[in-house]
Every structure is written in structure tokens, then in C-alpha cells.
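Any read-out appearing in this document is the output of simple, stated calculations on the displayed coordinates, not a laboratory observation. Predicted, not measured: the structure shown is a model, and the values here were computed from it. All Cβ positions, even for glycine, are placed from backbone atoms using ideal geometry, and neighbour counts span all protein chains on display.
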């Protein structure tokens, strides 16, 4: 007589309870009797369980298999040696393993029976799990598996049709029997429209690449009656032209005699997931700013291409001149623009299969397989020529390039790279002085070229400051220094928006905060060049006030450099006595009176006193000349 499932469960429980009781009895008994009883018990359990057709398993408290019968081996299609000691994640697919783990934990938590349904190899089964008191005092999970009844099968299919994944069921002829709502949305077909049509009309698969061919997983499942997963490059083409990257599988449905009765196709849209993964992969090998390869990719390609068939293998190492200066003066957005511009030129000049990489912040590297050194040098000259025609803000584009070539297989490519770097740094060093001086002149030309009034203001401020310094009996060195600093005091305005730069810098409005930055930018510019570095602090302080309410540092009294205090007076005096677009000039006497009213708050008393002497002396000279005429 064949045992029912309930009988089996009861017997198993009795056997395990018997085993537990036997353990304590044997523990107190003699060794020989203990061994004999254990052997008899194991033989009994083994004979009973192995004789059954229903798959039976036992897991320990860690949910690793410690026993499966022959029927369970057949069910999984693998031997007990491959199952024992493993957990479900090492035997089943991840989705099913997660489901099994959930019910196992429920058994352990509640110490009760838990039933569930599962789709396995195209068939629907009912699983029954129950707690087992193990010999070590802990609980494990016992389980047996049965085929689902038609009622349960219908219930399972209804559940399947309600899940968020797309579900399509086809008959043995490949004609569609059912689509769930997700499948309708993704294919663009309603279940009513799709019913009776061959799946190939509705479920249209393409390869993600135009030239690729994707295998038909449904056809393959019908051929060998096994589960098939989608090709990772499969794309579903919807009725309206939309495309979905897919993930999941096809399971053939078999009747009780093993004949194919159709197939269940379960699929989900992983387009966003795939795009994110592609973006991560792209970013792992590309520079985010330029889109060029990054150093990691370059170094991997260097290993791959360092073969005899790619000789001669040339390398160009480049360093963009003026990046720090651009960042300091115009901000990092301008610096990024400079980097992107040189990247565009590399792409434009180099061949499609050359490896161009952003090597570091302002360094680039180009790998040129099968390229002679003379050809690599010609390429570097074309890059320099193209870049020299570019100008970012007022910074002239320039890049220092070093070339080296590997000719013999035994040469070390790292040595070749180092040689190219040395060559690049040598050129950069030789051109450093001239290029920096040129850059400074370009900045000055931009400021005074775009704002002629600023050039005139700079010239007149320089003259008046020189006269004030003489009246203060400063040394010739300090007189020359204040004259130069006064001429350059507004050089920081080169970084301002044109509309802001042409405004009254003493007017407090919504652009005042931006205007207040020009002494700081001027400091950065002058500090970047050897021949103006000693003027940087003087220029930064020319808007400080005697009472500490000035900017950018809020220095008070003699904390501000003396020459800065002279420029503060000189440039303000010229500003008031010169016609502007936004107002007319005032007289020299009125300007002097205004400055005297602000002595001790805005201006250094000693400097204003010296200005007054300069004006008085010039008035005396003018009167004398007039009388003589």
C-alpha cells in the first residue's frame, strides 16, 4: 500500500523523535549496544526514506542540506554528493533560492508546517516543510514535494499572471494562450489581440546590435524540454517601436507523462539597469570630463598592445600649459573648457584606432601602434599647431609634448613612457619663461584692449601714485614698484563679466560681490608670474580702508601695505576727476575736499597730505607758467 504524504510526515516525525529518544538512551548505555542501535536506526530510516517516490530532504539549523533521498536527487537532477553541505543558493537560481529561504526561515521561526507552491522544470509542485528536532538540540527543516493538483495549478497560474514581471503562456504549437498586463504593456498587444497568434508575431526579439542574431529561447526550450534563460543581448521590439532589454527565462510545461504541453515565458524590462551598468563600465575606463580613455584603460591597453606585431610602438605624453593659471584667474569652469578643447584637438588630429587618454589633471597620453618616431613627431607638431590657434578666455592655448618609440621587443615599455615624459618636461622647462611672459601680455592686452578707459585710468593712476610716493620721500625702488603696481591695480577685472567690469566699482548693487573679487584675482595673476610676484600683495590691498571696512581682507590702518594705501588714494582721485559713462567728473579741488573728509576712515592721512602737496605744487607751477605767458 502506498503511503500518503500525511502518513510520511507522521512517520518522519515519529522516526526523528525516536532518534532523539534513542540518543539519550544510548548515551547512558554501553558503547557496543549504542553502536548497534544507531546502526539499526540508520538502516531503518534509510530503507524507509529511500523506498519512497516522493522527494524528501532535511536541512540543518544553518539551512544547509544534510540529507536528501533518491527521489530528491532525481527531482534536482544532481547527486546527493553535490547537494549535501550546500544551501539553496548553490543549487537553485537566485529567485527560487530566495523564495525557498523565506519559507525555511518561517518554519524555524514559527516551529509549524508551511506549505508553498513552486514552478520547477515547467511543472507546478506543492512543497510541505516542517520543523525537525535535531540531535544537537537545534531545529532543522524537513521537506517533501508533491505534484500540484489541477485546482492548485490554476491558483498558481493566477498568481503568476498577477506578478509585476511580464508573463506569456504558449501552447505546444507556439500559439499564445495568455498574456498578463505587464506583457501587454511591453509588447504593445492586448491579450485578446495576441490570443491564437504565433508568439513570434507578438514577442519579437532582436539583438541589441544591428548585426547580431539572438537565439530563440522558446524554440530551444521546446527542443530539449529544459529551462532556457534569455541571451543577455536580447531586446524586445514592441509593437509601437519601443525597445526593452530583457532578463529572465522560458520554462517548458510538461504533462504528467513528460510530454511538452506548452511554455511559460517570464520576462522583465532591465533597460534602466543595463544602461546604468553600461554607464558604470564606461566610466570605469573613460574620463568623465573629456570622454577620453582614463589612465587605467591606457595602462591595460599598454600591456595588450606591447607586442612585436605592433612595433614600432610610439608614445606621446602631453602637458597642457596654463591650466593652473586659467583656474586661478577665470575659475575651474574655464580650466575645464581648456582641457576639453585640447581633448577635441587630440581626437581631430589622431587616427581612430589610436589610444588617447587623459593621463592626469593636465597630462595626456597617446599610444600609437605601428608608428615610426618621425610620424609621431609630425603628429605632435600638428597637435601643437592646432592648439596654438585656440584661446580660452585670454589664455593662449599651448601644450608641451614629448615623444618616444619602442623598436625592439626586448625594450621595456615603461622606460619608453618615462623617456617620453622626460622629453615633454624638458620642452616645458625650456619654454616656461617665454610662454608665461607671453601669457601675461595677452591678459594685459585683453583687459586694456577691451576696456580702453581702464588703460587710461591705469596710466594716470600710475603717474599720480609716483608723485605721491616722491612727496612721501620713498626710495626710488619703492617709487618704481608703486608705479608698476598702480598700472596693474585693476588687472583682476579681466576675469569679470564685461558688463560688470565696466560698472562703477564703488556702487553697491547686485554685482558688488563679484566686483569685490577683482583684487583677489589680480593677486592670483600677479603671483603666477616671476616678474610681477612682488606686486601681488600691493594690488590685493588697494581697496582696503584705514578703518578696516574695506575688502577683501578687512585690514586696518598700517596692516595694509603702504604702497596699497597710496594706490587707494591715487586711483580714487583719478576716478573722481575723470568723466565716466555713468557720471561727469568733479573738479580737482572738490575731489581733494572729498578725500580729506574721508581721512581716517577710508584713507591714510599721510597719503592724502602728500596728495594735497602734489596738487598744490602743480597748481603753483600752472600759475607760474600762465603768468610767464
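Classify the range 289-428 as rounded, prolate or oblate, taking a ≥ b ≥ c as the square roots of the eigenvalues of its Cα gyration tensor: rounded when a/c is under 1.5, otherwise prolate if a/b is larger than b/c and oblate if not. Working shown, then result.
Details: a/c = 2.07, a/b = 1.92, b/c = 1.08.
Because a/c hits 1.5 or more and a/b exceeds b/c, the range 289-428 counts as prolate.
Among 465, 350, which comes first, second and so on when ranked by fewest other beta-carbon atoms within 10 Å? Intermediate values should be presented prior to the final figure.
Details: 465 30, 350 18.
Neighbour counts put them in this order, fewest first: 350, 465.
With the Cα gyration tensor of the range 180-321 giving a ≥ b ≥ c as the square roots of its eigenvalues, does the rule (a/c under 1.5 for rounded; else a/b larger than b/c for prolate; else oblate) give rounded, prolate or oblate? Note, shape of the range 180-321 comes out prolate.
Using R0 = 30 Å, the C-beta based FRET efficiency linking residue 415 and residue 93 works out to 0.05. When 562, 473, 105 are arranged by Cβ crowding within 10 Å, least crowded first, meaning fewest neighbours, the order is 473, 105, 562.
From the mean inverse distance of alpha carbon pairs (Kirkwood) and the Cα radius of gyration, derive Rg over Rh for the range 451-628. Don't skip to the answer; put the middle values down first.
Numbers: Rg = 15.9 Å, Rh = 16.5 Å.
A ratio of 0.96.
Counting neighbouring beta carbons within 10 Å and listing from fewest to most, the residues 405, 115, 326, 128 come out as 115, 128, 405, 326.
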